[in-house]
Number of protein chains: 2
Amino acid sequence: MPTREDTELLTVRIAELYYDENKTQDEIGALLGVTRWKVGRLLTQARERGIVRIEIVHPRARRLGVERELKERFHLVDAVVVPMGDDTKARVATAAADYLTALRPVPRTLGISWGRTLDDVADRLPNGWARGTTVVQINGGVSLNQRPGTAATTAARIAHKAGGEAVLLPSPAILERLETRLAIEADRTVAGVLELAASASVYLYSAGVADGSSVLIDSGYLTPDDVTELVRKGAVGDVLGRYIDANGNPADPGLDERTVGLELDRLRRADAAILVVSGEAKIPVTRAVVTNGLCNVLVTDENTARTLLEERALMEEL
Amino acid sequence: MPTREDTELLTVRIAELYYDENKTQDEIGALLGVTRWKVGRLLTQARERGIVRIEIVHPRARRLGVERELKERFHLVDAVVVPMGDDTKARVATAAADYLTALRPVPRTLGISWGRTLDDVADRLPNGWARGTTVVQINGGVSLNQRPGTAATTAARIAHKAGGEAVLLPSPAILERLETRLAIEADRTVAGVLELAASASVYLYSAGVADGSSVLIDSGYLTPDDVTELVRKGAVGDVLGRYIDANGNPADPGLDERTVGLELDRLRRADAAILVVSGEAKIPVTRAVVTNGLCNVLVTDENTARTLLEERALMEEL
DNA sequence: AACAGAAGTGCTCATATGAGCAGAATCGGT
DNA sequence: ACCGATTCTGCTCATATGAGCACTTCTGTT
């Protein structure tokens, strides 16, 4: 009787002849003394069982299978997953730019956050990616930043490449007192921008990690101690400058009320709320965003995607 | 006009849909707005240009392409090349065992050398690999070895698994004086074995490196100094206990005349002279054997094979 | 501007291949 | 040892695919 071992060896030989030598299944059958149907079946098995591995090696390759799983498990409209590489972050940014360029209908108004990731995406958008799209900032700026103007230039660049207008949010990200926030939001300019932001159909944003590396610390809005305290309260990271816990709720409601920018709830009703994230550290925030409907399109790397899916799979086993 | 970049991206998308999503070329064409013929052509390109990489992942996988090149360049009857892995040596041994098992016609008499490699091959031969094949040792034994009997047991094991008889060569590998060698070869038993060895149709042997690691040093036939001297004379390694230079000639004719065993020339006229080698260190001997017709079947690892081919390619560029 | 050669395109047609199915072989439990 | 259930096998047939071929479109040269 043919043992498991034998069949496997036969399968390997068949795979070699088929994929390396471009022989036809018929020829292989004749050569190895099996029917061509068996050859076909063993080839299917070989692919299924991973003996034959077909890989697409390209910086712009995607992981369609993982994307499908993500969409299904997290009820997303779309997902873009790029394979890992030494330039993973760049690949994710390129993928986001590609996605935005291909997005139909082309958004009349696009709301964006700011940060390193968004900057990378702006870099990679081609000129003419849209025709006359208005780009509006959806969370408070970084006037205190060492690299002044980054937030503003990101929006300006994206708008410029679309042949459209950039609308900046002339406000700090976080204010010291609730009253100040209310006052500044009452200001006609700021109110107008926020209104425009709320009217956008598409949002593109990233997320920050709740640790010492936060841009909000760099920018002087928070101290490292503030962040430690936030983490103690359950914060996993920030979206649009707002720190959320694993359930997608503000980790510190008091702080949240002093934060200027789009309400997170608005994201749930957007045509496209596109979260762009990459890197091991951001997995917890990403999970929070994705499990709580704070985005409906996720652009990320394979590692992040798979981690999210694994955890979810484990949970379902209970 | 479509730029190179565009086409490449299109190719990647097509490859993903075809290989990851099992869509038909027709469907892909419709989906991406190109004719199905273009889809087919781009897929061919993708394979050629390495964007799509198809790999057979299995310890018993082989490298048929490299094998073909080896056969052609070195005028071999056959070549077996296994992919690298953490168990490369084991793979090569298994491949040699497979080859021997599949060899037709089944040899009535098989001549073998001894050593670690041959031992590994013996281990991996299945019971009943042949029916009644006589296994004869073709070079002097290792009576002085710390692990006594290895050489004898190798032959015995191979013979046993074939349901045949083992014939051992009861002689030291190297003698101190030419006269002694002549005397021992004149002895009826030894002469008989050598005659039988010369009558074999198939030979299976490995090769040794000319350095301190040589089994002939371990066995006490040579001192490290002897080997250093041999290297000075151009020795690259030994085959059947005989040290050869890059041209396949005895590195030290005097020594060669004191070595007991089959003449290397006999290998050139064998139906199958199967060399089994693995490992970076053995590349020089392998090259010597292979370029000088001292084997007509080579069983080795991918690294060795590719190195031999590259060198050859370089030479041809001149 | 004209043109030869190369590269690319859409097509026909022969062939390779997978889906689906009925019968054979094998398995596992009593 | 029996029989029901599953797996395996060889097949038909519809479909997917690559080779080959005119024809078009570039490209670079005079």
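The values are calculated or read from the model by the stated rules, or taken from the named source; none is laboratory data. Keep in mind it's a predicted model, so treat the numbers as computed, not measured. Cβ atoms come from the backbone with ideal geometry, glycine included; neighbour counts cover every protein chain shown. These area figures cover heavy atoms from the full protein model, side chains too; ligands, DNA and RNA do not enter into them. Shrake-Rupley method; radii C 1.70, N 1.55, O 1.52, S 1.80 Å.
Looking at this structure, is residue A:63 open to solvent by 70 Å² or more (accessible area, probe 1.4 Å) and farther than 29 Å from residue A:152 by Cβ?
No: the conditions fail for residue A:63.
Which of the residues that make up the range B:24-49 are within 7 Å of DNA strand D (Cβ to nearest atom) and small (Gly, Ala, Ser)?
B:40
Somewhere in the range B:66-83, is a residue in contact (Cβ under 8 Å) with a residue 24 or more places away in the chain and within 15 Å of DNA strand C (Cβ to nearest atom)?
no
Kindly provide the set of residues from the range B:92-108 that are open to solvent by less than 20 Å² (accessible area, probe 1.4 Å) and in contact with a helix residue (DSSP H, G or I) (Cβ under 6 Å, 6 or more places away or on another chain), ordered by number.
B:93, B:96, B:97
Look through B:309, B:240, B:298 and report the one residue that is at negative phi and open to solvent by less than 10 Å² (accessible area, probe 1.4 Å).
None of the others qualify; the one that does is B:298.
For the range A:1-17, what are the residues that are out of contact with any helix residue (DSSP H, G or I) (no Cβ under 6 Å at 6 or more places or on another chain) and either of a type outside the set (D, E, K, R) or away from DNA strand C (no atom under 11 Å from the Cβ) (or both)?
Within the range A:1-17, A:1, A:2, A:3, A:5, A:6, A:7, A:8, A:9, A:10, A:12, A:13 meet the criteria.
Go over the candidates A:154, A:117, A:133 one by one and state the one that is in contact with a helix residue (DSSP H, G or I) (Cβ under 8 Å, 6 or more places away or on another chain), modelled with pLDDT of 90 or more and open to solvent by 10 Å² or more (accessible area, probe 1.4 Å).
Of the residues listed, the single one that is in contact with a helix residue (DSSP H, G or I) (Cβ under 8 Å, 6 or more places away or on another chain), modelled with pLDDT of 90 or more and open to solvent by 10 Å² or more (accessible area, probe 1.4 Å) is A:117.
When you check residue A:12 against the structure, is it of a type in the set (Val, Ile, Thr), away from DNA strand D (no atom under 11 Å from the Cβ) and open to solvent by less than 40 Å² (accessible area, probe 1.4 Å), yes or no?
yes
Restricting attention to the range A:181-200, which residues are of a type in the set (Ser, Thr, Tyr) and without any contact (Cβ under 8 Å) to a residue 60 or more places away in the chain?
Hit for the range A:181-200 is A:189, nothing else.
Quick grid of which residues meet (1) over 23 Å from residue B:71 (Cα atoms); (2) touching a residue at least 12 places away in the same chain (Cβ under 8 Å); (3) surrounded by fewer than 17 Cβ atoms within 10 Å (Cβ to Cβ):
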position: B:207; (1), (2), (3): no, yes, no
position: B:219; (1), (2), (3): yes, yes, no
position: B:224; (1), (2), (3): yes, yes, yes
position: B:233; (1), (2), (3): yes, yes, yes
position: B:255; (1), (2), (3): yes, yes, no
position: B:266; (1), (2), (3): no, yes, no
position: B:279; (1), (2), (3): no, yes, yes
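When residues of the range B:31-80 are filtered for being under 30 Å from residue B:274 (Cβ atoms), more than 11 Å from chain A (Cβ to nearest Cβ) and among the β-branched types (Val, Ile, Thr), how many remain?
2
Being within 16 Å of DNA strand C (Cβ to nearest atom) and open to solvent by 50 Å² or more (accessible area, probe 1.4 Å): is that true of residue A:49 here?
Values: within 16 Å of DNA strand C (Cβ to nearest atom): yes; open to solvent by 50 Å² or more (accessible area, probe 1.4 Å): yes.
It is true that residue A:49 is within 16 Å of DNA strand C (Cβ to nearest atom) and open to solvent by 50 Å² or more (accessible area, probe 1.4 Å).
Please enumerate the residues belonging to the range B:163-181 that are out of contact with any Phe, Trp or Tyr (no Cβ under 8 Å at 6 or more places or on another chain) and surrounded by 13 or more Cβ atoms within 10 Å (Cβ to Cβ).
Those that are out of contact with any Phe, Trp or Tyr (no Cβ under 8 Å at 6 or more places or on another chain) and surrounded by 13 or more Cβ atoms within 10 Å (Cβ to Cβ): B:163, B:164, B:165, B:166, B:167, B:168, B:169, B:170, B:171, B:175, B:180, B:181.
Out of the residues in the range A:24-40 that are open to solvent by 40 Å² or more (accessible area, probe 1.4 Å) and more than 8 Å from DNA strand C (Cβ to nearest atom), state the one that is farthest from residue B:62 (Cα to Cα). Reasoning before the result, please.
To start, the set of residues in the range A:24-40 that are open to solvent by 40 Å² or more (accessible area, probe 1.4 Å) comprises A:24-27, A:30-33, A:35-38.
The next check asks that each one be more than 8 Å from DNA strand C (Cβ to nearest atom); those that pass are A:30-33, A:35, A:38.
On the way: A:30: 20, A:31: 17, A:32: 16, A:33: 19, A:35: 22, A:38: 21 Å.
The qualifying residue farthest from residue B:62 (Cα to Cα) is A:35.
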